[in-house]
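What follows is a single structure, written as C-alpha cells, with notes after it.
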Amino acid sequence: MTVAWTVMVCLSAGPDAEAQQGKGKTAATAPASRAATRPAWRAPARNASRPVPRTDWWADLPPAAQPAAAVVPQTPIDALVLARLKALKIEPAPLCSDAVFVRRAFLDVIGTLPTAAEAAEFIGNSSPDKRRALIDRLMQRDEFALYWAMKWGDILRIKAEFPINLWPNAAQAYHHWLLDSIRKNKPYDVFARELLTAGGSNFSSPQVNFYRAMQNRTSAGVAATVALTFMGARAEKWPKDRLQGMAGFFERLAYKSTDEWKEEIVYFDLAKASTRPAPTAVFPDGTMPALAADRDPRVDFADWLITPRNPWFTRNIANRAWAWLMGRGIVDEPDDMREDNPPSNPELLALLERELVASKYDLRHLLRLILNSQTYQRASAGGTEGELAAVNFARYPLRRLDAEVLIDALCQISGTTEKYTSAIPEPFTFIPSDLRAIALPDGSITSTFLDMFGRPARDTGLHGERNNRMTSAQRLHMLNSTHVGQKIQRSLARLEVQRLRDRPRETMDRIYLTILSRYPARDELIAAGEYLRNNAGRGDGAADLVWALINSDEFLYRH
C-alpha cells in the first residue's frame with residue numbers, strides 16, 4: 001500500500017484533482033522548466049511522425065477556456081436550465097472534454113467502461129456530430145438492455161429470496177420479460193399497463209410477478225407499491241382516505257398455489273365480486289369511477305393512470321429518467337412526489353413530460369433528448385459551486401460507480417470474471433461463470449463486493465436503497481484486498497506492461513486509456529516515468545501504477 005500511495009501522491013496533481021476542483025493546468029500551461037525535465041524513457045524524437053495525442057483531452061477545460069458559443073442554449077432543455085441559472089446568477093460549468101464525455105456516455109448509457117480502442121477512436125474522431133452518433137450506437141448495444149433492466153430490477157424488486165420470495169425461475173422469467181421489453185423499446189404506457197393488469201401463472205405470465213414481489217399483499221399494501229412504482233409517490237405521506245380509495249382497486253386481487261411446486265396464480269377473484277358489494281374505489285385525484293361488478297377494477301385504474309392527463313404518471317417517469325442520467329431528480333428524491341416537495345425547475349419537468357407524450361412514451365427518445373443536451377454534457381468542475389448550483393444542474397454531478405458497474409470495470413481491465421452466489425443453490429439458481437454483474441437477473445445473486453459497495457437489497461423498490469457513498473471499508477478493499485490485488489496482477493499481461501521499456505509512450509497510453517479512458521497528461525508521464533525508472537529493479541512498478549489509477553477518484557466516480 002505504501003508504494004501505491006507513493007504513486008498516487010506523484011499523480012495527485014494530475015487530471016483527477018483538476019477534474020474535481022476545476023482549477024488545474026492543461027499541458028499547454030505547464031511550466032517550461034517542468035517540460036525541460038523530460039525523462040529519457042519517454043518517446044524519443046525518432047517517433048516524430050507518430051501522431052502526438054492532444055493533452056487537453058484528459059480534463060475539463062477551465063471556465064476561462066470555454067468557447068462563448070458553448071453557453072448559448074442548443075436545445076429546449078438547455079434554454080430552460082440556462083434561464084433558471086441566469087435568474088439565480090449561477091454560472092454553468094463549461095462543456096466537458098471528449099475524453100470525459102466518452103467515458104461518461106458509456107457508463108451512463110450501457111453501464112460499461114469503454115475499451116482503450118473505443119476511447120481512442122472517439123477521441124481521435126474529428127466529426128462534429130460524434131457525440132450524437134455515439135449515443136445512438138450505445139443505445140443499440142446489447143448492454144443497453146442489460147443495464148436498464150438492472151435499474152428496473154431495483155424498482156420492481158426482482159429477487160428470489162426473502163423477503164420478496166419470487167423463487168429463482170420466476171425471478172429469471174420476470175427479468176427476461178423486462179429485458180425483452182427494453183430491447184423492443186416497448187412504449188412505457190404499454191409496459192406499465194401490462195404490469196398493472198397482469199394475471200395468470202408466475203411461470204407463464206412473468207409480469208404477474210409485479211404483484212408477487214410485494215411484501216405487503218393487502219389491498220392497501222399493493223396500492224402503496226403501485227403508487228411508489230408508477231406515480232413516484234410515497235403513499236404513507238398521503239392523507240389516509242386517498243390510500244384507502246386507491247386500495248379499493250386491488251381488493252379483489254387474489255393469489256393461489258397450484259400442484260406445481262412454487263407456482264402461484266394471480267387473478268381477479270370473481271367469487272368475491274359475486275358475494276361482496278363493489279369496493280369503494282376512488283382514484284387518487286378524488287374522482288369516483290363507475291366500476292362494473294364483473295370487471296377487474298385494475299383495468300379501470302390502469303386506464304386512468306396511463307393517460308397523458310394524469311398528474312402523476314408521465315411526471316414520475318420523466319423525473320426518474322432525468323435522475324438516472326443527471327444524478328438527482330428535478331423533484332428529488334425521484335420517488336418522493338408531493339405537493340410540499342416541488343420541482344426545482346417546473347418548466348423543465350413539463351417539457352420532458354410533453355416530449356414523452358408526443359413520442360408516445362418512447363423512453364429512448366427521452367433519454368436521447370437529455371443525453372444530447374449541453375446540460376448533460378457539462379463538466380463536473382467549473383462554474384458556480386454550491387448546493388443551489390447542483391440543484392439547478394449547473395454541472396454534471398460526481399457520483400461513485402454503481403457496485404455492479406465498478407466490479408464489471410475491474411473485470412474488464414483485468415480480463416477476469418467474478419464469482420456470484422445465491423442462498424438457493426443449483427440447479428434452481430444457475431449462474432454462468434462469465435456473467436457480468438449488470439446482467440444478474442436476481443437480487444438474491446450477489447457477492448461480498450456487491451454487498452460492500454452498496455448494491456440495493458431490492459426489498460423496497462425505493463430509490464434510496466442503493467448506496468453509492470464511498471466508505472472506509474470500500475477504500476481499504478480497493479487498496480489492500482487480495483481480491484483487487486489479484487485482478488491488478490492479472491491486468492498486467494492484458495495491458496502489455498512488459499513493453500514499457502521498449503515502447504514506453506505506447507504502453508502508458510494503453511494503461512491510461514484502458515483504466516481512465518484518456519491519454520496521460522504531461523505531468524503524469526513525467527511522474528509515472530520517474531517512478532517506473534526508479535523502481536525498474538523491483539519489477540512491480542507497473543503494478544503500482546495500475547493500482548494507483550484504479551484507486552483514483554477519477555476511476556471510481558462518474559464525472
Item checked: segment 496-519 residues that are under 13 Å from LEU545 (Cα atoms), paired with ones that are acidic (Asp, Glu) and part of a helix (DSSP H, G or I) (beta carbon under 7 Å, 6 or more apart) -> LEU516/GLU554
Margin query: Name the single residue that is nearest to PRO114 (Cα to Cα) among those in segment 372-424 being open to solvent by less than 10 Å² (accessible area, probe 1.4 Å) and polar (S, T, N, Q).
Written below: SER414
Notebook entry, point to check: When you look at ASP509, is it over 31 Å from the mean Cα position of the chain (by Cα), closer than 30 Å to LEU95 by Cβ and either among the small types (Gly, Ala, Ser) or not in a loop (DSSP other than H, G, I, E, B) (or both), yes or no?
Noted result: no
Check: Restricting to segment 413-446, what's the tally of residues that are more than 23 Å from the chain's Cα centre (by Cα) and aromatic (Phe, Trp, Tyr)?
Finding: 2
Margin query: Going residue by residue through segment 405-419, is there one that turns out to be out of contact with any His (no Cβ under 9 Å at 6 or more places or on another chain) and over 28 Å from HIS559 (Cβ atoms)?
Written below: yes
Notebook entry, point to check: Do you know which residues across segment 93-117 are assigned to a loop (DSSP other than H, G, I, E, B) and open to solvent by 20 Å² or more (accessible area, probe 1.4 Å)?
Noted result: THR115
Next item on the list: Return a yes/no flag: does segment 460-475 have any residue that is touching a Pro at 6+ places or on another chain (Cβ under 7 Å) and not in a loop (DSSP other than H, G, I, E, B).
Entry: yes
Next item on the list: Taking the options HIS463, HIS477, name whichever one is under 18 Å from VAL546 (Cβ atoms) and open to solvent by 10 Å² or more (accessible area, probe 1.4 Å).
Entry: HIS477
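Out of LEU352, LEU325, report the one residue that is among the hydrophobic types (A, V, I, L, M, F, W, C), modelled with pLDDT of 95 or more and more than 24 Å from PRO284 (Cβ to Cβ).
Going through LEU352, LEU325 in turn, just one is among the hydrophobic types (A, V, I, L, M, F, W, C), modelled with pLDDT of 95 or more and more than 24 Å from PRO284 (Cβ to Cβ): LEU325.
So, restricting to helices (runs of 4 or more DSSP H) that lie completely within segment 118-224, which ones have at least 2 residues that are modelled with pLDDT under 95?
The qualifying helices (runs of 4 or more DSSP H) are 168-183.
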Notebook entry, point to check: Residues in segment 284-295: is at least one open to solvent by 70 Å² or more (accessible area, probe 1.4 Å), over 20 Å from THR218 (Cβ atoms), at pLDDT 95 or above and of a type outside the set (Lys, Arg)?
Noted result: yes
Checklist line | 2 or more residues modelled with pLDDT under 95 and either of a type in the set (Val, Ile, Thr) or within 26 Å of GLU118 (Cα to Cα) (or both): qualifying helices (runs of 4 or more DSSP H) within segment 516-557 | finding: 522-534, 541-550
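The values are calculated or read from the model by the stated rules, or taken from the named source; none is laboratory data. Because the structure is predicted, anything quoted here is derived from the model rather than measured. Every residue, glycine as well, gets a Cβ built from its backbone with ideal geometry; the counts of neighbours run over all protein chains shown. Protein only, heavy atoms only, side chains kept; ligands, DNA and RNA dropped before computing areas. Shrake-Rupley method; radii C 1.70, N 1.55, O 1.52, S 1.80 Å.
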